[in-house]
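The values are calculated or read from the model by the stated rules, or taken from the named source; none is laboratory data. From a predicted model like this one, the values you see are computed outputs, not experimental measurements. Glycine also receives a Cβ, built like all others from the backbone with ideal geometry; neighbour counts cover every protein chain displayed. The area values use the complete protein model at the heavy-atom level, side chains included, leaving out ligands, DNA and RNA. Shrake-Rupley method; radii C 1.70, N 1.55, O 1.52, S 1.80 Å.
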There are 2 protein chains.
Amino acid sequence: MRSGPGSLISESGAEAATPAPSFPDDGKNTIASQLVSRLREAIISGQLEAGSKINLDRAKQSFNVSLSPLREALARLISDGLVEFEDNRGYRVSPVSLSNLEEITSLREEFETYALRESMRVGDVDWEGNVMRALHRLNRTERDASKPETLEQWEAVHREFHLTLISGCRKPLLLSFCKTMLNLNDRYRRTFLTRTSGDRNVSVEHSEIAQGTVARDMDYACDRLREHIHRTGTNLRKHLAEKGIA
Amino acid sequence: MRSGPGSLISESGAEAATPAPSFPDDGKNTIASQLVSRLREAIISGQLEAGSKINLDRAKQSFNVSLSPLREALARLISDGLVEFEDNRGYRVSPVSLSNLEEITSLREEFETYALRESMRVGDVDWEGNVMRALHRLNRTERDASKPETLEQWEAVHREFHLTLISGCRKPLLLSFCKTMLNLNDRYRRTFLTRTSGDRNVSVEHSEIAQGTVARDMDYACDRLREHIHRTGTNLRKHLAEKGIA
DNA sequence: TTTTGATAAATCATCGATTATTTGTCAAGC
DNA sequence: GCTTGACAAATAATCGATGATTTATCAAAA
């Protein structure tokens with residue numbers, strides 16, 4: 001989960017070459033922790049179908065790991081709301097539903113605007129800078145439905161933008177909860193929304209939120225953010241309806 | 001771990017007599033799930049000291065279990081915010097601090113009032129009845145500092161009261177988050193607050209909240225609830241300060 | 001035909017042992 | 001004296017095998 005003295009050995013062992021590969025370790029040392037990331041990505045991206053049961057034997061094979069770290073990773077993923085568990089019946093990918101999407105949207109509206117307000121109240125200049133940087137990166141990242149790798153990249157910077165907005169609030173529990181909601185929300189987008197809706201200029205929305213934020217105009221920024229989240233929810237709801245999901 | 005169709009069988013099997021003993025199983029069939037409850041209780045009650053490392057060998061012995069279910073139980077407890085984990089360094093009981101308490105108090109104020117408002121908006125008559133029942137039970141449960149078993153009992157019905165208040169909101173994610181915050185808050189109370197503060201009549205506070213709630217007087221009920229949570233926070237903060245906790 | 005109950009197969013849960021990592025100890029070198 | 005590095009002890013992480021429960025199958029009875 002972190003670097004520490006142990007990794008120094010591997011570092012010095014790989015003195016030369018590019019800086020990146022010196023660390024075989026991305027901070028996730030153990031199999032279980034690596035699995036948490038891999039499983040999370042597999043679920044959010046839709047590779048593991050919503051609502052489906054996770055067969056331990058098969059998962060063990062497909063991820064090429066042993067049972068103990070797999071079970072531990074799944075247990076930790078419960079925190080993220082991405083998997084559910086039942087005694088003697090194992091783990092399953094959390095299902096999707098209209099009501100679930102609606103709750104996620106409501107809670108994002110409430111919590112993220114609250115966290116944004118708090119950030120504007122107590123956030124420092126570093127945080128302001130991070131917001132502007134995240135906005136810039138987001139605006140410079142292309143989102144082309146025909147190129148899947150751009151979609152993934154866009155999802156990453158988009159997520160980063162929303163998290164950076166509220167990262168100044170100094171409330172770790174609130175941040176972790178917002179992160180969870182964002183994960184759940186992103187799964188809906190990545191599963192159901194390949195193209196962006198034509199009647200929205202999402203870039204402008206993001207810019208307005210960021211501008212209002214660094215100007216510490218609480219009501220303006222929070223209103224824009226709330227609208228932004230709400231529009232995304234409405235948009236997603238349509239796509240769920242099209243695919244006949246109740 | 002749940003009710004569902006399965007439990008209907010056992011339920012009808014226990015027609016006569018007292019409902020309780022028919023089930024050797026409280027819904028927690030596996031060792032891991034039982035451990036989750038036991039560990040949670042041990043942490044909230046303060047038996048496992050805040051911030052302390054959880055040595056797996058020792059825990060294994062003192063709970064008389066094997067390693068696999070212990071690790072799985074601890075992993076699940078991360079969701080509750082009661083334990084933290086770091087690769088290769090294992091699990092530890094989440095530490096307590098003034099800032100942590102303050103965040104919990106703020107978030108309870110925000111989330112519980114939001115959930116209460118939602119409950120008043122969409123809650124049905126059943127829910128109203130549950131609120132009045134929970135209030136009655138709470139008022140009839142004595143809280144005598146000289147008898148530890150009454151404290152435990154009071155904690156249980158008090159927790160139940162607060163959860164019932166917001167149980168009508170039809171937002172499972174929100175409820176689970178409120179539950180988590182309530183757990184964290186209860187640990188502070190059970191660890192630092194043995195006697196109730198003299199200048200408060202907590203019974204009256206609870207009654208006002210409940211009365212306002214079933215009358216669907218949103219502003220009144222939410223204001224009373226917010227004050228109630230805030231007072232508890234202030235009260236606890238004093239006790240932390242006395243014990244020199246920053 | 002539908003239900004019931006026994007059996008087999010699949011799957012989940014747990015255990016004990018092994019491996020890898022971290023932490024503690026202490027002597028050699030600076 | 002302080003740091004460094006080798007070694008040993010403690011601890012965490014993983015594995016493969018075993019035990020327990022659930023699910024699937026199918027024949028006999030209603």
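Determine which member of the set A:Thr180, A:Thr191, A:Thr213 is within 26 Å of A:Ile43 (Cβ to Cβ) and away from chain B (no Cβ under 14 Å). Working first, answer last.
Working: A:Thr180 fails: away from chain B (no Cβ under 14 Å); A:Thr213 fails: within 26 Å of A:Ile43 (Cβ to Cβ).
Among A:Thr180, A:Thr191, A:Thr213, only A:Thr191 is within 26 Å of A:Ile43 (Cβ to Cβ) and away from chain B (no Cβ under 14 Å).
Of all the criteria given as (1) open to solvent by less than 20 Å² (accessible area, probe 1.4 Å); (2) over 18 Å from the mean Cα position of the chain (by Cα); (3) among the hydrophobic types (A, V, I, L, M, F, W, C), the one not satisfied by B:Leu135 is (2). Checking the conditions here, which among A:Ala210, A:Ala241 is under 25 Å from A:Val131 (Cβ atoms), touching a residue at least 40 places away in the same chain (Cβ under 8 Å) and out of contact with any Gly (no Cβ under 9 Å at 6 or more places or on another chain)? After ruling out the rest, the residue left standing is A:Ala210. Scanning region A:26-73 for residues that are buried (at least 18 other Cβ atoms within 10 Å of the Cβ) and modelled with pLDDT under 95 yields a count of 1.
Considering region B:88-104, and only residues there that are more than 7 Å from chain A (Cβ to nearest Cβ) and farther than 19 Å from A:Ser79 by Cβ, the residue that is surrounded by the fewest Cβ atoms within 10 Å (Cβ to Cβ) turns out to be B:Ser99. B:Val122 meets all of the listed conditions (1) open to solvent by 20 Å² or more (accessible area, probe 1.4 Å); (2) outside the structural domain of B:Tyr220 (by TED's automatic domain parsing); (3) hydrophobic (A, V, I, L, M, F, W, C); (4) away from DNA strand C (no atom under 12 Å from the Cβ) but one, namely (2). For the residues B:Glu128, B:Glu112, the requirement of being away from DNA strand C (no atom under 16 Å from the Cβ), open to solvent by 10 Å² or more (accessible area, probe 1.4 Å), of a type in the set (D, E, K, R) and not assigned by TED's automatic domain parsing to the domain that holds B:Arg40 singles out B:Glu128. Of the helices (runs of 4 or more DSSP H) entirely within region B:164-246, those holding at least 3 residues that are over 30 Å from A:Leu182 (Cβ atoms), open to solvent by 50 Å² or more (accessible area, probe 1.4 Å) and out of contact with any Pro (no Cβ under 7 Å at 6 or more places or on another chain) occupy B:202-214, B:218-242.
Cβ-Cβ distances below 7 Å connect the following pairs, each with a first residue in region B:105-130 that is within 12 Å of B:Leu165 (Cβ to Cβ) and more than 11 Å from chain A (Cβ to nearest Cβ), a second residue that is open to solvent by 20 Å² or more (accessible area, probe 1.4 Å) and assigned to a helix (DSSP H, G or I), and a separation of six or more residues or different chains: B:Met120/B:Met218; B:Glu128/B:Val214.
Checking region A:46-61 against the condition returns no match, with no residue being closer than 30 Å to B:Glu103 by Cα, away from every other protein chain (no Cβ under 14 Å) and either in a helix (DSSP H, G or I) or without any contact (Cβ under 8 Å) to a residue 12 or more places away in the chain (or both). Within region B:66-87, residues that are within 7 Å of chain A (Cβ to nearest Cβ) reach partners that are assigned to a loop (DSSP other than H, G, I, E, B) and surrounded by fewer than 21 Cβ atoms within 10 Å (Cβ to Cβ) with beta carbons closer than 7 Å, at six or more positions or on different chains, in the pairs B:Gly81/B:Ser94; B:Glu86/A:Met1; B:Glu86/A:Arg2; B:Asp87/A:Met1; B:Asp87/A:Arg2; B:Asp87/A:Lys28; B:Asp87/A:Asn29; B:Asp87/A:Thr30.
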